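Values in this text are rule-based calculations from the coordinates and carry no lab data. Predicted model only: the values in this text are computed from it and were never measured. Reconstructed Cβ throughout: ideal geometry from the backbone, glycine too, with neighbour counts over all protein chains shown.
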Amino acid sequence: MAASKGNETVLELSGIQKSFGSLHVLKNMDLKVNKGDFIAIVGKSGCGKSTLLRMIAGLESPTAGGLYMNGKPVKGNSLAKIMFQDGRLLPWKTVEQNVGLGLKKGSHDKIASLLKRVGLMERAKDWPGVLSGGQRQRVALARALVHEPELLLLDEPLGALDALTRIEMHQLIEELWKEKQFTAILVTHDVEEAVALANRVIVIEEGRIALHQSINLPYPRQREHPIFIKSVSRI
Ligand code: ADP
Ligand code: MG
């Protein structure tokens, strides 16, 4: 069935519950994510955000309920790619080798074009250890996107970066989202970040969706950010 963009369900969570022993982290979650959505999931530390993303990535199973991608149950080989706060680059591999992990031989052009797109072409042969935190997250983003994932999962990817670098990264993520037309789920405790990037914001409280809000502001949003305006006006 050919569905138009915006109505096609990429991911469906139905009655998701997740417990670790007697700890009931997620109590009942229903959510439909449409193709092209940029969803932000906001909640306090420990509310189950990473657990939820791991389940969507097929790295963990729910205690009850179902997760479906394109109508099929999510398994270990999920079509989603996840990007973590600490980037999880392999320190013994160069930047381009990190981006090429899991790709076939002969993917050099693909790797090069993404490295160029995230502004790190000149750093291709460097070790991750010599890069700044922001550059490492650019590599992590390139490594996730090189697989052309249907769904990009972002687990507090900018949480360890300074405010200005975060705003630069917001711009890059927004541009790539528009260019490559993937669907994204961002987990963050930063409400401003959620509003800067997402078209729907979901707040998790006590294991449930406490608020589900559409954001109808036009892009780009982060250039209106007071910190950004302040820093630019000083230049
Ligand atoms: P968040 O990402 O929102 O900060 P997490 O999803 O990491 O929260 O964790 C939610 C809760 O589940 C926390 O209390 C955490 O300690 C617990 N938890 C997460 N993974 C495990 C696990 N594998 N075993 C036991 N408890 C876990
Ligand atoms: Mg987490």
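Per-residue counts of other Cβ atoms within 10 Å, averaged by peptide: what ranking do you get for 103-110, 50-57, highest first?
The peptides rank, most packed first, as 50-57, 103-110.
Pick from G119, G134, G43 the residue whose mean-square fluctuation is largest in a GNM of the chain, springs joining Cα atoms under 10 Å.
Result for the chain, Cα springs under 10 Å: G119 fluctuates most.
To make sure I understand the rule: partners must be lysines, Cα under 23 Å from the Cα of K35, and not fewer than 8 residues away in the same chain. Which ones qualify?
Straight-line reach from K35, under 23 Å: K5, K49, K72, K75, K81, K178, K180.
For L103 and S132, FRET efficiency with R0 = 25 Å and r from the beta-carbon atoms, rounded to 0.05?
Step by step, r from the Cβ atoms, then E = 0.50.
Roughly what angle does helix 163-180 make with the longest principal axis of the chain, taking Cα atoms, 0 to 90 degrees, to the nearest 10?
That helix lies at roughly 80 degrees to the long axis.
Can you give me the long-range amide H partners of V10? Hydrogens built in the peptide plane at 1.01 Å from N, cutoff under 5 Å, separation of 5 or more residues or another chain.
HN-HN under 5 Å from V10: V33, N34, K35.
At a Förster distance of 22 Å, what's the computed FRET efficiency of E60 paired with S14, Cβ-Cβ distance as r, to 0.05?
Computed FRET efficiency for E60 and S14 comes out at 0.85.
Each label point is 7 Å from the Cα along the Cα-to-Cβ direction; what then is the distance between the points at A160 and K125, in nm?
The answer from the label model is 2.7 nm.
At R0 = 41 Å, how high is the FRET efficiency between E206 and H147 if r is their beta carbon distance? Nearest 0.05 is fine.
0.75
Whole Å is fine, so just give me how far the alpha carbon centre of segment 173-189 lies from that of segment 90-134.
Result: 20 Å between the Cα centres.
Dipole of the chain, Cα-centred, from +1 at each Lys and Arg C-beta and -1 at each Asp and Glu C-beta, to the nearest 20 debye? Before the final figure, lay out each step's value.
Working: 32 positive and 25 negative charges, 100 e Å.
So the magnitude is around 480 debye.
For the pair N70 and I215, how long in nm is the line joining their label points, each one 7 Å along Cα→Cβ?
2.8
With n ≥ 4 as the cut-off for DSSP H runs, can you work out [θ] at 222 nm for the chain, using -39500 (n - 2.57) per run divided by the number of residues, rounded to the nearest 500?
Numbers: 7 runs with 70 residues, N = 235.
Computed mean residue ellipticity for the chain: -8500 deg cm²/dmol.
Over segment 84-186, what per residue volume does the convex hull of the Cα atoms give, in whole Å³?
Normalising the Cα hull of segment 84-186 by residue number yields 93 Å³.
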